[in-house]
Amino acid sequence: MSAPLELQLQTLPDSPGVYQYFDKNEVVIYVGKAKNLKKRVSSYFTKNHENAKTRILVKQITHIKHIVVDTETDALLLENNLIKKYKPKYNILLKDDKSYPWICIKKERFPRVFMTRRHIKDGSEYYGPYTSIKTVRVLLDLIKELYSIRTCNYDLSQQKINEGKYKVCLEFHLKNCKGGCEGFQTEAKYLEEIAAIRNIVKGNFKESVEKFNQMMLQFSKNMEFEEAQKIKEKVHLLSNYQAKSTIINPSINNVDVFSIISDETHGYANFFKISNGAIIQSHTTEIKKKLDETDKEMLELFIVEIRQRFNSLTQEIYVPFKVDLGEGIKVTIPKLGDKKRIIELSERNAKYYRQEQFKQIKIVDPDRHVKRVMAQMKADLRLSAEPRHIECFDNSNIQGTHPVAACVVFRDGKPSKKEYRHYNIKTVEGPDDFASMEEVVFRRYKRLLEEEASLPQLIIVDGGKGQLSSALKSLDLLGLRGKIAIIGIAKRLEEIYYPDDPIPLYLDKKSETLKITQYLRNEAHRFGITFHRNKRSKSAIKSEMEQIPDIGKQTITNLLRKFKSVKRVKEASLEELKTEIGNARALKVYQYYHPPKK
């Protein structure tokens with residue numbers, strides 16, 4: 001560490017604030033927040049960091065700038081703004097919201113209500129942003145059905161209306177507009193409808209439904225049944241739209257919900273806005289890790305950014321674990337009931353989004369997909385290296401006959417069928433799975449060593465502790481123990497066994513690691529069973545022909561090579577048999593299948 005940098009560290013204050021790291025080119029490479037600037041910044045230079053990127057970051061720092069703030073909340077907001085401004089190399093950066101649609105209530109006389117992607121600071125009201133255009137269109141269609149809002153862009157000043165500058169258009173005759181341009185509707189009445197629209201956009205349907213119900217009753221009392229029916233249809237539309245919103249609990253009102261799940265390289269965060277017991281807004285995004293950030297660090301950044309982006313002023317948020325957001329926001333970590341269920345729903349949305357991303361990446365960027373899967377398998381199976389090359393062994397014998405074994409090979413998580421191998425068990429008498437496994441593993445890796453071929457990073461044996469111990473004996477004999485990772489997978493509960501560890505590992509039933517491991521095991525079983533069946537079938541055919549007196553194995557092989565099946569040998573004429581195996585043997589075969597009539 002340089003002397004100027006060491007001096008800066010010694011003089012940092014013990015106050016909350018934001019720090020910026022600069023490289024030799026005076027470029028901001030990292031921005032962070034801290035409750036205590038001195039402790040947090042010093043930790044970068046005194047700790048031994050496990051993450052390689054963090055070590056690289058520290059080496060590149062030439063000087064530090066800091067900004068002291070009053071509270072933790074101020075630090076969070078300032079950190080978020082500086083990250084968006086400088087886009088530092090080592091900071092995670094959430095996707096921009098420039099293309100998201102908003103619902104605008106324009107600041108003008110007789111305000112228009114429309115969708116826009118431009119957020120202009122002109123005093124107009126903007127609701128959103130919405131992550132789905134479909135949601136915006138459904139809302140606007142509902143508003144159009146319920147209220148008579150103008151679509152023209154005339155300047156409806158009182159003076160111009162009085163002067164008769166405008167004439168009503170087709171929308172007036174279709175009863176979609178009440179003709180404010182010609183003074184048929186007052187501004188006060190129009191603004192009542194705008195107030196109702198504002199409530200609907202916010203997710204507050206209660207007032208609108210109550211008002212429509214009162215109007216319907218009034219029309220009914222006045223015997224205006226046609227008008228009452230129109231209002232009834234509007235109430236039905238509003239109720240139908242509300243029913244389509246995910247209802248949580250009417251008592252949960254004006255709350256933001258946040259959750260996150262993550263893997264080795266990315267986080268997937270979800271946001272819900274809840275109003276009057278219904279989810280009225282949802283947003284999920286992917287966050288790329290830069291410095292092996294924790295879920296807590298990523299979620300804090302996500303919360304601050306999303307609340308700014310979606311103009312959220314709610315005083316309470318629900319999260320799955322403790323986050324530090326300073327004062328002014330009530331942080332709730334639900335443990336039971338509807339509040340807990342909404343957190344689970346948020347997490348489920350994050351998981352579905354993650355799965356969708358995986359499917360898209362698999363198609364668009366297969367290399368990234370493979371890297372992710374390999375990194376996940378390395379972590380899940382506690383391996384020292386990514387299992388790019390995996391081999392799996394399975395024994396097959398039925399009632400002790402024709403013992404065989406199979407070895408299947410996977411590369412980058414996919415079958416490499418040209419490398420599959422069958423084995424006839426040579427040294428084992430009877431059905432002994434353990435001894436068979438020992439023989440096959442020894443033969444396989446003795447050959448690979450002799451040929452100086454590449455060895456796998458992982459061996460999987462189909463079976464529990466017994467088969468695993470047998471395979472280990474062979475690795476010991478070959479001096480490969482510790483050089484290749486080896487596990488056993490037991491069928492009953494999908495337990496994963498490790499050498500010298502009596503307690504099995506249980507993987508998540510939905511994890512990709514378990515699915516690939518099961519695929520390997522099932523593929524080895526299928527490949528071994530197919531070989532075993534073929535061997536038994538050929539054995540049965542040969543055993544039938546071996547009953548023919550004075551006919552040897554070579555003669556049987558020659559006949560099957562020529563005629564392809566025992567049935568065709570039976571049907572062959574004496575002349576055809578003579579051509580293939582000679583007169584004397586042909587006569588014996590022919591007479592066996594066509595004995596002289598007595």
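The values are calculated or read from the model by the stated rules, or taken from the named source; none is laboratory data. As the structure is a computational prediction, the values presented were derived from the model and not from experiment. Counting neighbours? That spans all protein chains shown, and the Cβs are built from the backbone with ideal geometry, glycine included.
Here is how the numbers come out for the structure above:
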| read-out | value |
| --- | --- |
| Matching residues, the range 543-569, being over 17 Å from residue 579 (Cα atoms) and among the basic types (Lys, Arg) | 553, 567 |
| Unique match (being surrounded by fewer than 12 Cβ atoms within 10 Å (Cβ to Cβ) and closer than 24 Å to residue 76 by Cα) among 4, 13 | 13 |
| Hits in the range 22-38 - residues which are outside any loop (DSSP other than H, G, I, E, B) and free of Cβ contacts under 8 Å to residues at least 60 places away in the same chain | 22, 32, 33, 34, 37, 38 |
| Set 133, 103, 120, 83: member being more than 30 Å from residue 174 (Cα to Cα), under 31 Å from the mean Cα position of the chain (by Cα) and not acidic (Asp, Glu) | 83 |
| Pick from the range 197-238, criterion under 28 Å from residue 127 (Cβ atoms) and among the small types (Gly, Ala, Ser), ranking: modelled with the lowest pLDDT | 203 |
| Listing of strands (runs of 3 or more DSSP E) fully contained in the range 57-131 that carry 1 or more residues being at pLDDT 80 or above and among the basic types (Lys, Arg) | 63-68 |
| Inter-residue pairs, beta-carbon under 9 Å, first surrounded by 15 or more Cβ atoms within 10 Å (Cβ to Cβ) and in the range 44-59, second basic (Lys, Arg) and in a helix (DSSP H, G or I), 6+ apart | 49/55 |
| Options 339, 330, 359; residue that is loosely packed, with under 14 Cβ neighbours inside 10 Å, modelled with pLDDT of 85 or more and not hydroxyl-bearing (Ser, Thr, Tyr) | 330 |
| Within the range 268-292, considering residues that are in contact (Cβ under 8 Å) with a residue 40 or more places away in the chain and small (Gly, Ala, Ser), the one farthest from residue 306 (Cα to Cα) | 278 |
| The listed residue being more than 22 Å from residue 528 (Cβ to Cβ) and not polar (S, T, N, Q), out of 388, 444 | 388 |
| Strands (runs of 3 or more DSSP E) enclosed by the range 430-523 - at least 3 residues per element that are under 13 Å from residue 393 (Cβ atoms) | 458-462, 485-489 |
| Residue check for residue 453: more than 21 Å from residue 483 (Cα to Cα) and of a type in the set (A, V, I, L, M, F, W, C) | no |
| Matching residues in the range 486-501 - criterion: being over 19 Å from residue 475 (Cα atoms) and surrounded by fewer than 16 Cβ atoms within 10 Å (Cβ to Cβ) | 491, 492, 493 |
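Per-residue answers, yes or no, for (1) exposed (fewer than 15 other Cβ atoms within 10 Å of the Cβ); (2) outside the structural domain of residue 266 (by TED's automatic domain parsing); (3) touching a Gly at 6+ places or on another chain (Cβ under 6 Å); (4) farther than 30 Å from residue 54 by Cα:
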site	(1), (2), (3), (4)
107	yes, yes, yes, yes
110	no, yes, yes, yes
115	no, yes, no, yes
129	no, yes, no, yes
158	yes, yes, no, yes
168	no, yes, yes, yes
